[in-house]
Amino acid sequence: MSNINQIKNTSLTLLYIEDTPQTRESTTFAFKELFDNIIIAIDGEDGFSKFKENKIDIVITDINMPKLNDIGMIKKIRNIDPDVYIVIISAYNNIEYLTHSIRYQVQECLFKPIDRKEFKETLHRAKEEIIARKKQKKRITDNSAIISKTDINGYITYVNDEFCRISGYSRYEVMGKQHNLIRSSSEPKKVFEELWRTIKNRKKTWHGVMANQTKSGKIFYTKSTIEPILNMRGEVEEFIASRILITDIIHPKKQLINFLSKVNNSIVVLIKIEDFIYLDMPLERELSEKIQTKFAKTLFNFQTQIYNFSKIYLLENGEFVFAQKGNRPTKALKELIEKLKKFQQQINSAKINIAPLEYDLSIIMSIGYGKNAFENAKIGLENLLRTKQSFIIANELLEEKRTQAIGHIKTFKMLRKAIDSYNIISYFQPIVNNRTKETEKYESLVRVIDENKKILPPSQFLNEAKEGKYYNQITSMVLTNSFQALYETSMSISINFSALDIENKKSREELFKLLEQHKQESHRVTLELLEDERIQDTQLIKEFIKKVKRYNVSIAIDDFGVGYSNFQRVLEYQPDILKIDGSLIKNIEHDNFSLHMVETIVAFAQKQHIKTVAEFVENENIYNILCRLEVDYSQGYYFGKPDIL
């Protein structure tokens with residue numbers, strides 16, 4: 001990490017492109033804290049023109065600049081300077097622009113609305129990286145780098161000692177020879193064609209990771225920078241290349257990605273050792289590594305009998321990859337899949353002996369082929385781990401995931417608009433006393449009004465909201481709506497408050513603030529607690545319940561009888577009400593298990609002096625069964641749908 005004072009004192013030039021005057025004025029003020037030199041442009045054409053006229057270190061631009069959009073501008077900028085640091089500001093729905101931005105190596109992408117803290121951290125991080133790059137460039141002739149120079153035709157005119165040490169060639173052997181002497185045959189021809197276009201025709205610096213070959217034939221990877229040296233007339237006289245050896249630090253996954261990036265179609269077999277987590281404990285690290293290495297050899301020996309994959313990549317967490325370029329006809333793929341299944345059976349019947357341990361092998365296997373083979377195989381492996389299965393053909397999963405991601409983005413966008421326009425509302429469903437058939441309570445149920453004025457239930461947005469940043473804002477609006485409803489009716493109001501809400505400090509504080517403000521009516525509030533298996537801090541929940549009960553608030557355990565809830569937890573939380581899960585109630589007419597489960601819950605609740613509420617009461621017959629079982633309250637379409645009070 002760079003020293004803070006050094007970062008502040010380093011003079012860098014920022015090009016800021018923004019077509020809205022008000023935004024330009026307010027944002028430029030924030031830039032002055034980090035940048036001494038700030039150049040302003042009002043559109044894409046103006047931005048590109050000023051980039052050509054000045055030495056720019058960092059570019060910040062919004063999406064969809066007029067005259068020349070930012071993607072076109074970024075492409076032109078990259079043709080001039082592949083190193084300049086670029087930050088774009090985008091809305092969520094610009095998927096096409098973001099894809100192009102990644103292609104042109106945009107370093108940072110910020111989404112609107114911009115978080116001020118995140119924005120400042122991004123600028124600080126960008127400045128640190130730019131300074132680090134400048135330092136690295138000064139070290140181009142450092143002895144730790146592999147240096148060589150060639151003439152205009154690519155013949156070697158100079159190499160340093162590090163070049164000779166790494167390559168295995170003496171100066172005598174390389175002087176006057178071309179660089180293909182150390183070129184690896186694994187590098188495609190088009191890489192070198194692009195390299196020469198960049199340094200010779202465009203007279204620009206080329207950067208990239210390259211596979212090289214020593215005199216003995218061993219492959220080594222370098223991070224390479226090749227620059228043209230120009231004379232006074234601007235003509236290329238020679239080239240200088242600086243390489244940093246990364247063979248020993250490059251991740252095997254990077255090597256795999258490099259291999260796959262050079263082929264249009266491939267076959268990828270992703271394998272994971274089952275229960276690897278138990279081999280990966282800190283005290284057993286050395287043994288774990290031995291098992292992985294021996295396992296890799298065992299896998300490779302077995303697979304050569306089935307299908308000649310050229311290499312096995314040992315990744316991490318007990319994962320391995322076989323990869324082969326090219327595609328296969330349908331018949332050949334079917335044969336391969338059958339052979340891989342047999343291969344899996346062979347592996348699962350084998351053992352590895354590493355004293356003092358004899359380890360039974362067991363693997364799960366995901367296969368992808370064609371385009372995006374590795375990405376599909378990764379998603380397939382995630383599915384296997386989730387479903388506890390052992391084998392999957394994982395094609396088209398990436399496209400499905402992309403479709404889901406676009407759907408999530410649309411939902412996030414819709415939620416943001418609904419929150420900004422106060423279109424998070426509450427509907428209220430009656431809860432009826434089974435003995436009197438009179439409504440005594442209402443449950444507050446969240447709804448969203450979308451941009452088409454359609455009322456959406458929680459099933460269409462709540463899970464996505466929990467994954468993003470809008471869930472807490474929705475909780476806040478629901479709490480406000482629900483407490484306001486106390487003054488629209490004389491009945492009690494039940495409010496859903498999940499374990500996630502309890503864990504969130506801001507949500508807890510807001511609830512207690514509302515209870516304090518409406519202390520005279522808090523006895524009419526019921527909190528329906530829905531647990532979540534991701535929440536482990538039961539002590540926090542118990543302390544929360546104890547505190548809210550001081551306001552005479554009733555506590556209900558929601559969806560009781562299925563999932564995470566259990567009788568032990570009821571004894572810990574001491575609730576006032578159990579809401580019996582609707583999946584048991586709606587089947588109670590025809591399913592004896594559901595009937596007996598409800599009987600058990602009611603009997604337990606009565607002994608503990610806890611009231612019971614049945615959800616999903618949809619007809620008279622279900623209601624009569626519940627009355628016979630002595631359930632205290634009913635809620636469902638038989639008595640009324642959720643509506644505005």
List pairs: first in region 311-324 and modelled with pLDDT of 75 or more, second assigned to a loop (DSSP other than H, G, I, E, B) and among the aromatic types (Phe, Trp, Tyr), Cβ under 6 Å, 6+ apart or cross-chain? Phe322/Phe309; Gln324/Phe309
Scan region 203-235 residue by residue and report those that are touching a strand residue (DSSP E or B) at 6+ places or on another chain (Cβ under 9 Å) and over 21 Å from Ser167 (Cβ atoms). Lys203, Lys204, Thr205, Pro228, Ile229, Leu230, Asn231
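Output the number of residues of region 566-583 satisfying the condition of being among the basic types (Lys, Arg) and at pLDDT 90 or above.
Within region 566-583, the first condition is being among the basic types (Lys, Arg), and the residues that meet it are 569, 579.
Pick out the ones that are also at pLDDT 90 or above and you get 579.
Of the residues in that region, 1 qualify.
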Region 174-195, subset over 25 Å from Leu256 (Cβ atoms) and surrounded by 15 or more Cβ atoms within 10 Å (Cβ to Cβ), residue nearest to the chain's Cα centre (by Cα): His179
Go through Glu438, Glu443 for me and flag whichever is touching a residue at least 24 places away in the same chain (Cβ under 8 Å) and either closer than 24 Å to Phe616 by Cα or assigned by TED's automatic domain parsing to the domain that holds Arg628 (or both). Glu443
Those residues of region 423-440 which are in contact with a Ser or Thr (Cβ under 8 Å, 6 or more places away or on another chain) and charged (D, E, K, R) amount to Glu440
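Every residue in region 168-193 that is of a type in the set (Ser, Thr, Tyr) and either in contact (Cβ under 8 Å) with a residue 60 or more places away in the chain or within 17 Å of Ile240 (Cα to Cα) (or both), please.
Start the filter on region 168-193 by keeping residues that are of a type in the set (Ser, Thr, Tyr), which leaves 169-170, 172, 184-186.
Of everything in region 168-193, just one residue is of a type in the set (Ser, Thr, Tyr) and either in contact (Cβ under 8 Å) with a residue 60 or more places away in the chain or within 17 Å of Ile240 (Cα to Cα) (or both), namely Ser186.
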Among the numbered conditions (1) within 18 Å of Val106 (Cα to Cα); (2) buried (at least 16 other Cβ atoms within 10 Å of the Cβ); (3) at pLDDT 75 or above, tell me where Asn69 comes up short. (3)
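Which of the strands (runs of 3 or more DSSP E) contained wholly in region 376-467 include at least 2 residues that are over 26 Å from Ser634 (Cβ atoms)? Can you show your working first?
On the way: elements: 391-393, 424-433, 439-449.
Because the criterion is at least 2 residues that are over 26 Å from Ser634 (Cβ atoms), the strands (runs of 3 or more DSSP E) in region 376-467 that meet it are 391-393, 439-449.
Give the residue, chosen from Lys204, Lys218, Lys262, Lys253, that is modelled with pLDDT of 85 or more and among the charged types (D, E, K, R). Before you say what the answer is, go through the steps one by one.
Details: Lys218 fails: modelled with pLDDT of 85 or more; Lys262 fails: modelled with pLDDT of 85 or more; Lys253 fails: modelled with pLDDT of 85 or more.
The conditions single out Lys204.
Do you know which residues across region 425-466 are of a type in the set (Gly, Ala, Ser), crowded, with 20+ Cβ neighbours inside 10 Å and over 30 Å from Leu629 (Cα atoms)?
Ser426, Ala465
If I filter region 491-531 down to residues being under 27 Å from the mean Cα position of the chain (by Cα) and not in a helix (DSSP H, G or I), which single residue comes out as surrounded by the most Cβ atoms within 10 Å (Cβ to Cβ)? Even if it seems obvious, please write down each step before you answer.
Taking region 491-531 and keeping what is under 27 Å from the mean Cα position of the chain (by Cα), we get 497-507, 530-531.
From the residues that got through so far, the ones that are not in a helix (DSSP H, G or I) too are 497-498, 504, 530-531.
On the way: Phe497: 25, Ser498: 20, Asn504: 15, Leu530: 19, Glu531: 22.
Selected residue: Phe497.
The values are calculated or read from the model by the stated rules, or taken from the named source; none is laboratory data. Predicted model only: the values in this text are computed from it and were never measured. All Cβ positions, glycine included, derive from the backbone under ideal geometry; neighbour counts span all protein chains shown.
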